[in-house]
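Undergrad: Starting off with a structure, shown below.
The values are calculated or read from the model by the stated rules, or taken from the named source; none is laboratory data. Please read these numbers as outputs of a predicted model, since none were measured by experiment. So basically every Cβ, Gly included, is an ideal-geometry build from the backbone, and we count neighbours across all protein chains shown.
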């Protein structure tokens, strides 16, 4: 298992520590903020002794919890102005403007609505040595925006073409042969436009599952998150879904598996989930606890009568 690459071109422009290789496709909410030599190379100790016996369990997580609604929208916040590092901007034949910008937290893709640039949710990102494609699943209609660039001696060159296809793609496309090629714009064409933010500040169930004993697991995250640290793990009976302390989240970009380490009543639990997605997920899943590997029933949905207790 290895950490996913962050933005290739964006990393060089924003100083983010990351790497990548051609043809990698990764959900935008996967990321890291540790340099390579500081990243964990193995998961936490599961509490098993070398001879197969069980070590003394760790101290039970006694952090206070309180009744909550984890799906309540995040508090409104003032959105920052358009990032100063704009990678490319283009306009289609209908007059719609598309902007790709870089910030310290990642990428912004904005599409004009009237005279306002509206930040879009990035549902997927694909890059190669000379292109970056952004799938925009929440846009109406869904679309994929792509920038192509030339390469200079540093390996990063200016953007030479932009294009848009009104479909969600999981790989780059050929600008000029698919969709519409955009007319490249300069700062004077968009710099004075107001910016609106993600719509809305929504929290979603990224993953739901049922354990063999009937308990439910619900993993939430902000709809427009850009980091693995934003996930919350709730586990328990529907009437008392308790937020658990998450110690580590890793994603393997080779097989699409996301693994969560979290405290479960004083023991380290490891949930390994395939195909994590904003709509509840599909695919397989297991929970490793006290040396046993338990199957998870996927896609059970959020219980209608669920009650939650959140960490405070």
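Undergrad: Take the stretch 90-110 and flag every residue that is under 24 Å from the mean Cα position of the chain (by Cα) and either modelled with pLDDT of 90 or more or in a strand (DSSP E or B) (or both). I'd like the intermediate steps shown before the answer.
TA: Within the stretch 90-110, the first condition is being under 24 Å from the mean Cα position of the chain (by Cα), and the residues that meet it are 98-110.
98, 99, 100, 101, 102, 103, 106, 107, 108, 109, 110 - these are the residues of the stretch 90-110 that are under 24 Å from the mean Cα position of the chain (by Cα) and either modelled with pLDDT of 90 or more or in a strand (DSSP E or B) (or both).
Undergrad: Related question: If the requirement is being surrounded by fewer than 18 Cβ atoms within 10 Å (Cβ to Cβ) and either touching a residue at least 40 places away in the same chain (Cβ under 8 Å) or more than 18 Å from the chain's Cα centre (by Cα) (or both), which of these qualifies: 189, 148? So that I can check it myself, show each step before the final result.
TA: Working: 148 fails: surrounded by fewer than 18 Cβ atoms within 10 Å (Cβ to Cβ).
Result: 189 is the single residue among 189, 148 that is surrounded by fewer than 18 Cβ atoms within 10 Å (Cβ to Cβ) and either touching a residue at least 40 places away in the same chain (Cβ under 8 Å) or more than 18 Å from the chain's Cα centre (by Cα) (or both).
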